[in-house]
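Engineer: Sending over a structure as structure tokens; questions will come in a sec.
The values are calculated or read from the model by the stated rules, or taken from the named source; none is laboratory data. For clarity, every value in this text was computed on a predicted model and none was experimentally measured. No Cβ is skipped: glycine too gets one built from the backbone with ideal geometry, and neighbour counts run over all protein chains shown.
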Amino acid sequence: MPTETAPALAIRGLTKTFDRPAVDRLDLTVEAGRFYALLGPNGAGKTTTLRMVAGLVRPDGGSIHVCGVDALADPVAAKRLVAWVSDEPMIYDKLTPLEYLEFVAGLWSLDPAAAQAGAHELIGRLGLGLEANRRCEGLSKGMRQKVALAGALIHEPRLIILDEPLTGLDAAAARVVKDVLLERVRTGASVIMTTHILEVAERMAERIGVIAQGRLVAEGTLDELRGLAGRAGTSLEDIFLELVDAPGLAA
Amino acid sequence: MSLGSLAWFARHELRLAWRDAAAILFGGSLRRRIAGAAILFLLIAFVHALAFSLVSAALRGGIGPDPRTLTFLTGSALLAWCLLLSQAIESVTRAFYARGDMDLILASPMPAAGLFAVRIAGIGAGASAMAMLLATPVIDILVLLDGPRWLLAYLALAALGLLAAAVAVAVTASLFRLLGPARTRFVAQVVAAVIGAAFAISVQAAAILSFDDPSRLAVLSSEWLVSHAPASDSSLWIPARALLGEPGSLALLIAGSLGLLAAVLGIVAPHFASDAATAAGAIAAAPKHGEARARFRRRSPARILREKEWTLLRRDPWLISQTLMQILYLLPAALLLWRSFGEGGNGLAVLVPVLVMASGQLAGGLAWLAVSGEDAPDLVRTAPVAPSQIVRAKIEAVLGAVGIAVAPIIVVVSALSLEIALVAAGGIAVAAASATAIQLWFRAQARRSQFRRRQTSSRIATFAEAFSSILWACAAAFAAQGIWPVAVLTGAVCALALLAVRAMSPRAAA
């Protein structure tokens, strides 16, 4: 059973190896009701970590608890609490956005009346009203991403995981998505987001985790990270490059 | 060769084509490459041995420009040319619609007409290469036994390939003008499939109905056809005479093919860029298919998964046409069985293996769509539904669709013979279940639009699917004839073969 007091996400000793270690004994805790940004260079293990939390990849070792539910022992219960949105929106071309939301509501066994009301609210909120009954095959990438996001939010998840959700969105669409996510955080949901747009992390996230070579190398608020990097007043970009020791950059 | 010239672009296209072909022929692990090379060698040896037996017999009777040879060669060339045309229409349609590098090409300062002309010429070269490849065993043996003059046949075949490309461009461009970009893609692909299948099937059907012989050659070398053929000086024989190496006919064929291709390119190429842009617009424009209304009703996840599969299939006429096209190829087998056994009063029983085979093939295609062709795999896998429940729902969707397709036939058969209807239903169930199981064992994530290329993802799965359908069809045929011990034995062999296939599957290895 999920508990209100438990962290939204608690990861201990999480390990996954493909041809080399992708995630290496990772410990990570995200408190409930927080907006958390997970940063890291390409290949750092961010997406693999989040795919393991979403139940898409089986870890080699470690534990994952979502709102107190052991996601490895009871994946179905954990999945009820989690929403996953990837950078490449995977929706059905031959369904309309409303039909897609109806399908998602069915998969999560939602109450039909509540799901219908929620679907219409999300469609309106995300500016998909004109497209609601048109098949997704003609939608732009930004529109498709918004449909995927609506699908992720319709079951009122406690933990929303987003892997580069702003990729391909125009400024207006990105603003809508950010506003919707912040609203969810205000109502008690938690958001974990990976992004390469550091300004977004800087502006939206309450806590930021930096991952490199499958390990958490730093974590905290922006000010705490500045303290760790020993550079008061500097931007997140400078701190990030310092922490991950980005190759090709002169000190 | 300067950067940005048409020759440079042609080289770029050639390199891409070669890498595609190399990936199919030599891709994968070292073990797979060695096995592939061994199979290729055996296949080449086998087709050459087959060609040797055919060609040596034909040479004993003498090969010359007589009416029988001309009729036979023309019919055979037309059969192969239909396949080439079918492939070329597919390729030209892809050139119009596939986005791939289209945006890059259209955005570059190079003249689009020239680039597309190179691309179409590449399709012609591909068709020519395929024609030459198909005829290689026969020509090799002819060269070996009757002298190097037969090498000229390669030139005739290359010309036929270019002719197919020219006609394909003309057909596709005409469809584009007549039907518009939104419908052309679907219609062109159906036209390609029908051209590829219809002529071969109708000739084979004619052979079976007229000569009780499954071979198309029976029609092409029949007395009836020879007696009804035009006079030997008819221009209809130009391709056949060119294949026989007659210099005048060969020159005419090459000049005609090149001329037609140049003319078609001259007319079509200048519009190609705008047509491709229109095609892109047609894809991007959101088609309004009526006002589809979602009805939020209480349904189990399994039911909503099943309904989703059926809705996606129902809304994709191209997929339906591609799936049903596989069944078309079973028509000659049905006719042959009917002619062979049906007249003894046992006509109903011979329908059983055809139904079983068709159901296996249909289930294989549908199972690929439901299992490997899942367009939102992450969504389904992150849903709070047990994986076994998802798999079961997909299996039910596939078997349900097969059931809906064959139920009317089973109902009619049961009115005539309940026993045969039961045997047919049992055979259909196991064949469909086997094909579905194979797709589950060998699933590999892909887009639904890659349905036509699904066979390339696993040769073992493709072979096993066909093999199990054939064996279950044989078992059902024996059962329908009342030969139960042989039916059971055949079924047991098929079950063992399926177990072996499962052991070889990636799922078992994992």
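Engineer: Against the definition (farther than 20 Å from residue B:440 by Cβ, crowded, with 19+ Cβ neighbours inside 10 Å and either more than 14 Å from chain A (Cβ to nearest Cβ) or in contact with a Pro (Cβ under 7 Å, 6 or more places away or on another chain) (or both)), how does residue B:423 come out, yes or no?
Structural biologist: Yes.
Engineer: Filter region A:25-47 down to residues that are free of Cβ contacts under 8 Å to residues at least 60 places away in the same chain and polar (S, T, N, Q) and give me whichever is nearest to residue A:81 (Cα to Cα).
Structural biologist: A:29
Engineer: Go over the candidates A:17, A:96, A:29 one by one and state the one that is under 24 Å from residue A:220 (Cα atoms) and hydroxyl-bearing (Ser, Thr, Tyr).
Structural biologist: Going through A:17, A:96, A:29 in turn, the sole match is A:29.
Engineer: Take the residues in region A:80-100 that are over 10 Å from the mean Cα position of the chain (by Cα) and of a type in the set (Val, Ile, Thr), then tell me which one is nearest to residue A:138 (Cα to Cα).
Structural biologist: Among those that are over 10 Å from the mean Cα position of the chain (by Cα) and of a type in the set (Val, Ile, Thr), it is A:96.
Engineer: Kindly establish whether residue B:397 is assigned to a helix (DSSP H, G or I), in the same structural domain as residue B:474 (by TED's automatic domain parsing), surrounded by fewer than 22 Cβ atoms within 10 Å (Cβ to Cβ) and among the small types (Gly, Ala, Ser).
Structural biologist: So residue B:397 fails the test.
Engineer: Could you check region B:462-510 and list, in sequence order, the residues that are closer than 20 Å to residue B:410 by Cβ and surrounded by fewer than 20 Cβ atoms within 10 Å (Cβ to Cβ)?
Structural biologist: Once the filter is applied, which keeps residues that are closer than 20 Å to residue B:410 by Cβ and surrounded by fewer than 20 Cβ atoms within 10 Å (Cβ to Cβ), region B:462-510 yields B:481, B:482.
Engineer: Can you list residue pairs whose Cβ atoms sit under 7 Å apart, with the first residue in region A:107-123 being without any contact (Cβ under 8 Å) to a residue 40 or more places away in the chain and facing another protein chain (nearest Cβ under 8 Å) and the second being of a type in the set (Gly, Ala, Ser) and in a loop (DSSP other than H, G, I, E, B)? Count only pairs 6 or more apart in sequence or on different chains.
Structural biologist: Every condition considered, the pairs that remain are A:107/B:383.
Engineer: Taking region A:83-100 only, how many residues are more than 7 Å from chain B (Cβ to nearest Cβ) and within 15 Å of residue A:50 (Cβ to Cβ)?
Structural biologist: 4
Engineer: Let me ask something else. If only one of A:236, A:149, A:153 is modelled with pLDDT under 85, surrounded by 21 or more Cβ atoms within 10 Å (Cβ to Cβ) and of a type in the set (A, V, I, L, M, F, W, C), which one is it?
Structural biologist: After ruling out the rest, the residue left standing is A:236.
Engineer: Any residue at all in region B:68-90 that is more than 28 Å from residue B:193 (Cα to Cα) and either modelled with pLDDT under 85 or assigned by TED's automatic domain parsing to the domain that holds residue B:162 (or both)?
Structural biologist: yes
Engineer: Next up: Can you name the number of the only condition in (1) in contact with a Ser or Thr (Cβ under 9 Å, 6 or more places away or on another chain); (2) more than 21 Å from residue A:183 (Cα to Cα); (3) more than 7 Å from every other protein chain (Cβ to nearest Cβ) that residue A:135 fails?
Structural biologist: Of everything listed in (1) in contact with a Ser or Thr (Cβ under 9 Å, 6 or more places away or on another chain); (2) more than 21 Å from residue A:183 (Cα to Cα); (3) more than 7 Å from every other protein chain (Cβ to nearest Cβ), residue A:135 misses just condition (3).
Engineer: Among the residues of region A:149-176, write down those that are more than 27 Å from residue A:212 (Cβ to Cβ) and β-branched (Val, Ile, Thr).
Structural biologist: A:154, A:176
Engineer: Of all residues being part of a helix (DSSP H, G or I) and at the interface with another protein chain (Cβ under 9 Å from one of its Cβ atoms) in region B:371-386, which is surrounded by the fewest Cβ atoms within 10 Å (Cβ to Cβ)? Just the residue, please.
Structural biologist: The extreme case among them is B:377.
Engineer: Tally the residues that are of a type in the set (A, V, I, L, M) and facing chain B (nearest Cβ under 7 Å), restricting the search to region A:138-156.
Structural biologist: Qualifying residue count for the region: 1.
Engineer: Picking from B:318, B:338, which residue would you name as being over 30 Å from residue B:123 (Cα atoms) and either at pLDDT below 70 or within 14 Å of chain A (Cβ to nearest Cβ) (or both)?
Structural biologist: B:338
Engineer: Right, next: Output the number of the condition that residue A:180 fails; it satisfies all remaining conditions of (1) part of a loop (DSSP other than H, G, I, E, B); (2) touching a Lys or Arg at 6+ places or on another chain (Cβ under 7 Å).
Structural biologist: Failing condition for residue A:180: (1).
Engineer: For region B:125-141, how many residues are within 23 Å of residue B:166 (Cβ to Cβ) and in contact (Cβ under 8 Å) with a residue 24 or more places away in the chain?
Structural biologist: Adding up the residues that qualify gives 10.
Engineer: Return the only residue of B:153, B:112, B:168 being out of contact with any Asp or Glu (no Cβ under 7 Å at 6 or more places or on another chain) and farther than 27 Å from residue B:242 by Cβ.
Structural biologist: Answer to the selection: B:112.
Engineer: If you take the residues in region A:55-80 that are out of contact with any helix residue (DSSP H, G or I) (no Cβ under 7 Å at 6 or more places or on another chain) and charged (D, E, K, R), which one is surrounded by the most Cβ atoms within 10 Å (Cβ to Cβ)?
Structural biologist: A:80
Engineer: Of everything in region B:404-418 that's in contact (Cβ under 8 Å) with a residue 12 or more places away in the chain and in a helix (DSSP H, G or I), which residue is farthest from residue B:374 (Cα to Cα)?
Structural biologist: B:416
Engineer: Right, something else. Could you figure out which of (1) modelled with pLDDT under 80; (2) β-branched (Val, Ile, Thr); (3) not in a loop (DSSP other than H, G, I, E, B) isn't true of residue A:217?
Structural biologist: (1)
Engineer: Looking at region B:176-192, I want the residues that are at pLDDT below 85 and have a partner that is small (Gly, Ala, Ser) and crowded, with 20+ Cβ neighbours inside 10 Å with Cβ atoms under 7 Å, at least 6 apart or on another chain. Which pairs are those?
Structural biologist: Sorted first by the residue in region B:176-192, then by its partner, the pairs are B:181/B:279; B:192/B:86.
Yes/no per residue for (1) in contact (Cβ under 8 Å) with a residue 12 or more places away in the chain; (2) in a helix (DSSP H, G or I):
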{"residue": "B:422", "(1), (2)": "no, yes"}
{"residue": "B:431", "(1), (2)": "yes, yes"}
{"residue": "B:445", "(1), (2)": "yes, no"}
{"residue": "B:468", "(1), (2)": "yes, yes"}
{"residue": "B:474", "(1), (2)": "yes, yes"}
{"residue": "B:478", "(1), (2)": "yes, yes"}
